[in-house]
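Everything below concerns the one structure shown next.
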Amino acid sequence: MADSALKKLFIQLELAQIPALDRTLTVAQQSILFEIGFWCFAYAIFANICSRLIRVIYSKCSFWEQCKKRSGIFAQNAQDDCIVLSILALHHGFGGTLMLLGSFYGDSMLWRHGYLVETGFEVYDLIAMVFYMFPYTEYLKPEIRVVMAFHHIPGICLSMIILTSDLGKNHHLHMIGGCLLFAGGVSCAAGLYVHSLDFKKQMWQAIIGQIVNALFYIAARFIVYPIEVYGIYNDMVQGGYSDFEVKSVAVGTLMMGVFNVVLLPDILSKCYRYTVKAINNDTAPLEKDVPLSKEDRMRKEKSA
């Protein structure tokens, strides 16, 4: 039933047009633009409603009070980070699965829908930065805005070039998109799992979570990514693509490569720090002066 409904939705999105843009964009370009807008709107509703629901559910869990004693990956406090990671894990898992299935079954249209699920999210996230919507209501770390903007721009800018040319059918590109997005979902799920643990009693489980995260990250971004980027470059050179198309894809893949490198030190350092603590049976807090969680900030403001 759900599978049938999803197929019908995809067909409607593929056929969608924006008549007002007939003189400006082709039918294919209109369909892409319409679908980006659709997934942007769908993610906005999903993220802003589900984040509140998840917070209510998590607040009744045993880990909720203890995780606010640590800082988060995206948010300043791990308690708020749990909300952000949950939403991202669900989104990236959905989009990444569509892209991987499209890649494995040679279904370019299915891959396209997964790509535009991600592009819609990226457009929403840039809007959320400006208008202070979720997840920026969760007191994210200041540097996250720059990192996420740098991450989002290539995918948004390249969407028309990729999906209106033969690149949209390129297996190397399919593998990059699917592996990176799905691995991102795994990383978010691993981060959420680690946040839920009591480090005084479950440090080794936390290490396993961090190692799983690191392995997926390295496999997707430092093994699959460079191999498939090289494959795309060869295909474009031999396929007679224009200099503009080749250079655009080169800039986009370079920006994503920089993003991959920037996040690696933090992931590896956590694996190291967690392992040292477990070996030394160190039960002292990992951090001092952790910023207040959103709920504690609100309580403080009310009592002031």
Can you pull the one-decimal nm distance between simple spin-label points at residue 222 and residue 132, each 7 Å off the Cα toward Cβ?
3.9 nm
Of 224, 276, 194, which is the most mobile in a GNM of the chain whose springs link Cα atoms less than 10 angstrom apart?
276
Please identify the trypsin sites (Lys or Arg not before Pro) of region 220-304 that satisfy two criteria: DSSP loop assignment and at most 10 other Cβ atoms within 10 Å. Which are they?
288
Relative contact order for region 100-174: what percent, with Cα pairs under 8 Å and sequence separation of 6 or more?
39 percent
Counting pairs of alpha carbon atoms under 8 Å apart in space and at least six apart in sequence, what relative contact order in percent does the chain give?
22 percent
Quick check: at a probe of 1.4 Å, how many percent of the accessible area of the chain sits on carbon and sulfur atoms?
68 percent
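What FRET efficiency comes out for the pair residue 208/residue 145, r = Cβ-Cβ distance, R0 = 25 Å, nearest 0.05? If you can, show how the numbers build up before the last one.
Details: r = 31 Å, r/R0 = 1.25.
After rounding to 0.05, the efficiency reads 0.20.
Just how many % of Cα pairs in region 50-198 lie over 23 Å apart, if you round to the nearest whole percent? Spell out each step's value before the answer.
On the way: 4373 of 11026 pairs.
Of all Cα-Cα pairs in region 50-198, 40 percent lie more than 23 Å apart.
Tell me what the chain gives for mean residue ellipticity at 222 nm when only DSSP H runs of n ≥ 4 count, each as -39,500 (n - 2.57), the sum divided by the residue total, rounded to 500 deg cm²/dmol. Mind dumping the intermediate values first?
Details: 11 runs with 223 residues, N = 304.
So the calculated ellipticity at 222 nm is -25500 deg cm²/dmol.
So what is the diffusion coefficient of the chain in µm² per second by Stokes-Einstein at 20 °C and 1.002 mPa s, using a Kirkwood Rh over Cα pairs?
Numbers: Rh = 20.7 Å.
Translational diffusion coefficient: 103 µm²/s.
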List the residues of region 170-189 whose backbone N lies under 14 Å from a point placed 7 Å from the Cα of residue 235 along the Cα-to-Cβ direction.
170-179
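Give me the 1.4 Å probe accessible area per residue for the chain, excluding ligands and nucleic acids, in Å². Could you put the intermediate results ahead of the total?
Working: 15720 Å² over 304 residues.
Result: 52 Å² of accessible area for each residue.
The values are calculated or read from the model by the stated rules, or taken from the named source; none is laboratory data. In this text the structure is predicted, and so the values were computed from the model without any measurement. Please note: Cβ atoms are built from the backbone with ideal geometry, for glycine as well, and neighbour counts cover all protein chains shown. The accessibility values were calculated without ligands, DNA or RNA, using every heavy atom of the protein model including side chains. Shrake-Rupley method; radii C 1.70, N 1.55, O 1.52, S 1.80 Å.
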